[in-house]
Amino acid sequence: MYLESLSALNFRNLRSIDSKLVPGVNIFYGNNGSGKTNLLEAIFVLCLGRSHRSAAEAVLIHRGSEYYRLEGQVYIDDRSLALAVAYQRGMRKKVTVDKVQVKLSELYSRFAVVAAGPEDSNILSGAPSMRRSFLDVYLSQYSSSYLSQLMSYQKVLNQKNAALKRRMDATPFNELLVQSGAAIMQDRLDYLANLGKLATGYYQAVSGGGEFELEYRPSVKLPAGLSGYDDIAAVFANTLGEYEEREKVMEASLVGVHRDDVAFSINGLPARSHGSQGEWRTAAVALKLAVYHLIRERRSIRPVLLLDEIFAELDSDRSEALTAAFEDFEQLFISTAAELPRFLSAGSRRYKMVDGAIVEIN
């Protein structure tokens, strides 16, 4: 999969761009504020319909404008597709493929993109919601059934919370929460087990040593070794019963996959409280490497790669180790304020970003 072209109108500081793109390495140079990070974000939004920086839609619209529109030609499965994502203030987002409107959720099963950048440190150091967002975005690309269950769970959760706030009987919603929630927990258990194995190896390769581990921390306390759907569903149902009175008092759902977390450790210590900025950045890159390879193996597709200023804190050996780990990529976009090592820039297509405009260098 790769992008043949990208056009953006009123997206952040990208007032109007229209650029041809190529497979392989595309490097965007520019000073801070030039728009190079926004360009990578535009690609992510085009492919998946949402920002990898968890930005609200209104924030993505250029100041003083009422809408943004992204268009691009995507080459995938031996054909070229016209993809477009548009949003107007106060309206619903519109997504089309070859001018036919599709559901936003369809993008996750049809396209694939992995982004890595400075904000990824929040996966290690931020609130649990950051880790759930990371998990949901990439597991949804890995498994279309996961996204379907997640959407069902969120719908029922909203209904249950509304009932609790109105002091109505919310227990009828528990059975539906268990149906989708148990499937989500099972998918997260399996996915994180595979992700952890890969991420550990990549962390050691990029950092030159050190230990990195992750552990799924569901809000429903699952006994060790429990992984089957029926067993998970039974534990979840029992837990919901135990929390019933507390939820009535708090008027909110207190247990379920919406309160799950993932614990990371570096060299045997909790990453969130003991990790350094450099360790967080390296661990986050290792996670994205693992994500990329899991999607590629599961779906037989090579995701578009977006690397935003991730080489700034790496020496040449670690930069080379990182690039080698992204083997067999089809299209890679790199944003940087500094010249990259020769082994990265050789044979690449280079561009310069100036005030939200693209100037091709070669």
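The values are calculated or read from the model by the stated rules, or taken from the named source; none is laboratory data. A quick note: this is a predicted structure, and the numbers were derived from the prediction, not measured. For neighbour counting, all protein chains shown are included, and Cβ atoms are generated from backbone atoms with ideal geometry for every residue, glycine included. Quick note on the areas: whole protein, heavy atoms, side chains included, nothing else; ligands and nucleic acids left out. Shrake-Rupley method; radii C 1.70, N 1.55, O 1.52, S 1.80 Å.
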Which one of the conditions (1) part of a loop (DSSP other than H, G, I, E, B); (2) in contact (Cβ under 8 Å) with a residue 24 or more places away in the chain; (3) on the phi > 0 side of the Ramachandran plot does G33 fail to meet, given that it meets all the rest? (2)
Among helices (runs of 4 or more DSSP H) lying entirely in segment 165-269, which contain 1 or more residues that are modelled with pLDDT under 95, in contact with a helix residue (DSSP H, G or I) (Cβ under 7 Å, 6 or more places away or on another chain) and among the aliphatic types (A, V, I, L, M)? 172-207
Given (1) at pLDDT 95 or above; (2) part of a loop (DSSP other than H, G, I, E, B); (3) within 17 Å of the chain's Cα centre (by Cα), index of the condition L294 fails: (2)
Considering only residues that are in contact with a strand residue (DSSP E or B) (Cβ under 6 Å, 6 or more places away or on another chain) and touching a residue at least 60 places away in the same chain (Cβ under 8 Å), which ones fall in segment 201-213? Y203, F212
Based on this model, can you work out whether L307 counts as under 20 Å from P23 (Cα atoms), open to solvent by less than 30 Å² (accessible area, probe 1.4 Å) and part of a helix (DSSP H, G or I)? no
Checking S300 against (1) in contact (Cβ under 8 Å) with a residue 60 or more places away in the chain; (2) farther than 17 Å from Q204 by Cα, the condition it does not meet: (1)
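Please work out which residue is farthest from N32 (Cα to Cα), limiting yourself to segment 310-322 and to residues that are in a loop (DSSP other than H, G, I, E, B) and open to solvent by less than 40 Å² (accessible area, probe 1.4 Å). Step through it out loud before you land on a result.
Here is the first cut: in segment 310-322, the residues in a loop (DSSP other than H, G, I, E, B) are 310-315.
Subsequent filtering for residues that are open to solvent by less than 40 Å² (accessible area, probe 1.4 Å) retains 310-311, 314.
On the way: I310: 14, F311: 15, L314: 19 Å.
Among them, the one singled out is L314.
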Would you mind telling me which numbered condition in (1) closer than 21 Å to Q186 by Cα; (2) open to solvent by 50 Å² or more (accessible area, probe 1.4 Å); (3) without any contact (Cβ under 8 Å) to a residue 40 or more places away in the chain M151 fails? (3)
Which one of the conditions (1) in a helix (DSSP H, G or I); (2) free of Cβ contacts under 8 Å to residues at least 40 places away in the same chain does L287 fail to meet, given that it meets all the rest? (2)
Given the conditions (1) open to solvent by 50 Å² or more (accessible area, probe 1.4 Å); (2) closer than 25 Å to G30 by Cα; (3) touching a residue at least 40 places away in the same chain (Cβ under 8 Å), every one holds for Q331 apart from (1)
Of (1) open to solvent by less than 80 Å² (accessible area, probe 1.4 Å); (2) at negative phi; (3) touching a Lys or Arg at 6+ places or on another chain (Cβ under 7 Å), T336 fails just (3)
Quick one: in segment 162-215, of everything that is farther than 24 Å from A233 by Cβ and of a type in the set (D, E), which residue is surrounded by the fewest Cβ atoms within 10 Å (Cβ to Cβ)? E211
Would you confirm, using the coordinates I've provided, whether F329 is modelled with pLDDT under 90 and touching a strand residue (DSSP E or B) at 6+ places or on another chain (Cβ under 7 Å)? yes
Being closer than 14 Å to R50 by Cα and either assigned to a loop (DSSP other than H, G, I, E, B) or out of contact with any Cys (no Cβ under 9 Å at 6 or more places or on another chain) (or both) is the filter here, so list the residues in segment 110-137 that pass it. F111, A112, V114, A115, S133, F134, D136, V137
